[in-house]
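In what follows, a structure is listed as structure tokens, so that the remarks can point back to it.
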Amino acid sequence: MMNAIQASEQLIELIHRNEDIANYADGCDAETMAAAEDALGIPFPPSYRCLIEEFGTWDIAGEEFLGVYTTPAMGSTLLGSVAETLDARNQYGMPPNLIVVMFDGMGGLVALDSSHVDQQGEYPVVVWNPGVMHSEDAERLGEAFGPFAYAQCQRAVTSWRETE
């Protein structure tokens, strides 16, 4: 059984092996990462940090993950997880212990729950629905980001390749 960081490393390899159906940014430097964590008031768990450092943000075979990135048009504004998390907190009252990492396609936000940290510093992956005031009511999708993201992406790539 691979740990969360190993799962993130496997996902990095999967994306590089399937660049024809993947998109990603240039990665995230230490200064930008620190600014993102400061803006959110929460450190990123190691497996999520690993992927943000490598890609910034990414998608593969239709599975899109929010990372941390900037664009020339938006200047130093931190986009991706930072912008979506702050928006969800302001607009929907999302609990401050959650970090949005993707959308579930049904109105829910897939998030990392920093109120439950394991021994490796990982947070569980949950679905939070706007209007729910407590993160304890969120459905748990996984114990850590790396294995969750790897499984999602592996499934998407397999499905995509089967339909080619």
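The values are calculated or read from the model by the stated rules, or taken from the named source; none is laboratory data. Since the structure is predicted, the reported quantities are computational estimates derived from the model, not experimental observations. Please note: Cβ atoms are built from the backbone with ideal geometry, for glycine as well, and neighbour counts cover all protein chains shown. Surface areas here come from the heavy atoms of the whole protein model, side chains and all, with no ligands, DNA or RNA. Shrake-Rupley method; radii C 1.70, N 1.55, O 1.52, S 1.80 Å.
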Worksheet item: Taking Asn90 and the conditions (1) open to solvent by 30 Å² or more (accessible area, probe 1.4 Å); (2) more than 16 Å from Leu66 (Cβ to Cβ); (3) not in a helix (DSSP H, G or I), which numbered condition does it fall short on, given that it satisfies the others?
Response: (3)
Discussion item. Looking at the range 31-48, I want the residues that are closer than 16 Å to Gly80 by Cβ and assigned to a loop (DSSP other than H, G, I, E, B) and have a partner that is open to solvent by 10 Å² or more (accessible area, probe 1.4 Å) and of a type in the set (S, T, N, Q) with Cβ atoms under 6 Å, at least 6 apart or on another chain. Which pairs are those?
Written reply: Ile42/Ser114
Response to the item:
For the range 93-106, the count of residues that are in contact (Cβ under 8 Å) with a residue 24 or more places away in the chain and exposed (fewer than 15 other Cβ atoms within 10 Å of the Cβ) equals 2
Worksheet, complete the sentence: Within the range 13-57, restricting to residues that are under 26 Å from Arg155 (Cα atoms) and of a type in the set (S, T, N, Q), the one that is least open to solvent (accessible area, probe 1.4 Å) is Ser47
Worksheet item: When you go through (1) closer than 26 Å to Arg161 by Cα; (2) more than 14 Å from the chain's Cα centre (by Cα) one by one for Ala35, which number turns out not to apply?
Response: (1)
Practice prompt. Taking the options Val117, Val82, name whichever one is under 14 Å from the mean Cα position of the chain (by Cα), closer than 19 Å to Phe145 by Cβ and outside any strand (DSSP E or B).
Written response: Val82
